[in-house]
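Heads up: the structure comes next, in structure tokens.
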Amino acid sequence: MNKKRIVSLLLSFNLLIFMAVPSYGAATQDKITDAEDKKQETESDLNEMESKIHSLESEKDELEVYLKDLNEQLTELTANLSNFQEQSEEKQAELEEIQIDLEDAKEQEAKQYDDMKLRIQYIYENSNSSYIEILLSSESFMDFLNKAENISKISEYDRDMLEAYQETRDKIAKQEEAVLEQQEEIHKLQAESAKKQSEVEDIVASTYSQIQTYASKIDETEATANTLLSQINSQEEALNALLKQAKDEEAAAAKATQEEQEAKAAKASAEASQEQHVNTAAQAADRKEGTAVSGNSQDSNSGDSASENDSSQESSSSESSSQGQYLGKFKLTSYCNCSSCCGSWSGGNTASGTTPTAGRTVAMGGIAFGTKLLINGTVYTVEDRGTAYGHVDIFRNSHAEALQFGVSYADVYIVN
């Protein structure tokens, strides 16, 4: 009957404890949920800003490639204009030389033509006397024929020379016409090249202006992203503080519950023991001396049992206290120094500046660097950040070891 009463009291105490435990830190949990929601919203905004920065940088890079191509075109056009200018100057010099040659040819033609007209006029005006003089002065008929042939050759020579000068003049005129056409074509190409150069210069100016606009937008977006990143860091610190507070409250509640449970159990045990003593004394009054002696022996054994129970509880409490300050049951994962685990910070030191070492280094937020943590019998040192309070990331030498570790949960203590 007494044992049933003791068990009933213990069950009642446990039921009261289990009903009370879920209510601990409800306000803190609401704050944690609200902080996580705000942090997630800020991270979403940051992701949007980073996506916008990536898009702007991509468009800016495309414009810079286009601007480079335009500058190359502009350089080529400038070189072409310079080349056209040199060609135009060469053609102008060639044209001037041709015009000089043409004027000389025209003058020579005019002179030859005038000389020929004088000779022809003289021959026609004095043809009879000339022939008589030739016949009279000729020593023989053969001499006459020779002189007549000479006169004919002179006339033929004049005619040939005139035709030659005419051909030369026509040739020079054609050269002049060709040079003028080439010069006109060069001027046309110069005009087209200058127009194209002007258009490319306008496009270059416009593209450069667009690049500056994109650069300005990128700077503004990066500033916004940096602000959001600072906000996330602040929110993460606040969240870590809340998580630490929740763990502290959990540990305090667990400790208070344990102490209350131990106190109530001790009280119940004492009441039961006292009642047992009263019942035993009452029975001893009605029984014989032998029965009383037997009852006293039973009371002695019961007292010894209660004493042993109290000693066991004190020993358990002493062992928990010797491990250090209890933080709570934390989530355990593992990481290494590779790019998959650490991203751009792979291969470097920890956030505290130390070299990460297996069996010593752990990462956790909300705890000062250098804090010693007792986890599953091993003492680790907080040397890195990256996880929230309540989540311990243990350093391993390789990624395979980190994957093999998986996920587990364990009680965590701050070493005294």
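Results for (1) at pLDDT below 50; (2) among the aliphatic types (A, V, I, L, M); (3) under 30 Å from Lys372 (Cβ atoms); (4) part of a helix (DSSP H, G or I), shown as yes or no for each residue.
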| site | (1), (2), (3), (4) |
| --- | --- |
| Ala238 | no, yes, yes, yes |
| Glu271 | no, no, no, yes |
| Gln274 | no, no, no, yes |
| Asn279 | no, no, no, yes |
| Ala284 | no, yes, no, yes |
| Asn301 | yes, no, no, yes |
| Ala306 | yes, yes, no, yes |
| Glu314 | yes, no, yes, yes |
Review point. Which ones in segment 372-416 are in a strand (DSSP E or B), among the hydroxyl-bearing types (Ser, Thr, Tyr) and surrounded by fewer than 16 Cβ atoms within 10 Å (Cβ to Cβ)?
Key: Thr378, Ser408, Tyr409
Revision key, fill the gap. Within segment 40-56, the count of residues that are within 11 Å of the chain's Cα centre (by Cα) and within 23 Å of Ala388 (Cβ to Cβ) comes to 1
Study note, to complete from the structure: How many residues of segment 153-200 are hydroxyl-bearing (Ser, Thr, Tyr), more than 14 Å from Asn83 (Cα to Cα) and in contact (Cβ under 8 Å) with a residue 40 or more places away in the chain? The answer is 2
Review point. Is at least one residue of segment 258-266 out of contact with any Pro (no Cβ under 9 Å at 6 or more places or on another chain), buried (at least 17 other Cβ atoms within 10 Å of the Cβ) and more than 21 Å from Glu41 (Cβ to Cβ)?
Key: yes
**Study point:** Residues of segment 380-416 satisfying the condition of being in contact with a Leu (Cβ under 7 Å, 6 or more places away or on another chain) and free of Cβ contacts under 8 Å to residues at least 60 places away in the same chain
**Key:** Tyr380, Val382
Practice item. Looking only at segment 152-161, decide whether some residue is assigned by TED's automatic domain parsing to the domain that holds Leu95, modelled with pLDDT of 70 or more and under 60 Å from the mean Cα position of the chain (by Cα). Key: no
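Hey, could you check segment 356-371 for residues that are part of a strand (DSSP E or B) and either of a type in the set (A, V, I, L, M, F, W, C) or under 21 Å from Asn233 (Cα atoms) (or both) and say which is farthest from the chain's Cα centre (by Cα)? Walk me through how you get there before you give the answer.
First pass over segment 356-371, keeping only residues part of a strand (DSSP E or B): 361-363.
From what's left, either of a type in the set (A, V, I, L, M, F, W, C) or under 21 Å from Asn233 (Cα atoms) (or both): 362-363.
Details: Val362: 29, Ala363: 26 Å.
That would be Val362.
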Revision key, fill the gap. Taking first residues from segment 85-97 that are assigned by TED's automatic domain parsing to the domain that holds Ala178 and second residues anywhere that are surrounded by 12 or more Cβ atoms within 10 Å (Cβ to Cβ) and assigned to a helix (DSSP H, G or I), the pairs with Cβ under 6 Å that are 6 or more apart or on different chains are Gln87/Ile186; Ser88/Ile186; Lys91/Val179; Lys91/Gln182; Lys91/Gln183; Glu94/Val179; Leu95/Val179
Review point. Can you pull out the residues in segment 338-355 that are assigned to a loop (DSSP other than H, G, I, E, B) and farther than 15 Å from Phe405 by Cβ?
Key: Ser346, Gly347, Gly348, Asn349, Thr350, Ala351, Ser352, Gly353, Thr354, Thr355
Practice item. Search segment 337-350 for residues that are surrounded by 13 or more Cβ atoms within 10 Å (Cβ to Cβ) and pair each with any residue that is in a loop (DSSP other than H, G, I, E, B) and at pLDDT below 85 when their beta-carbon atoms are under 7 Å apart and the residues are at least 6 apart or on different chains. Key: Asn337/Ser346; Asn337/Gly347; Cys338/Ser346
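The values are calculated or read from the model by the stated rules, or taken from the named source; none is laboratory data. Everything quoted here is computed from the prediction, not taken from an experiment. So basically every Cβ, Gly included, is an ideal-geometry build from the backbone, and we count neighbours across all protein chains shown.
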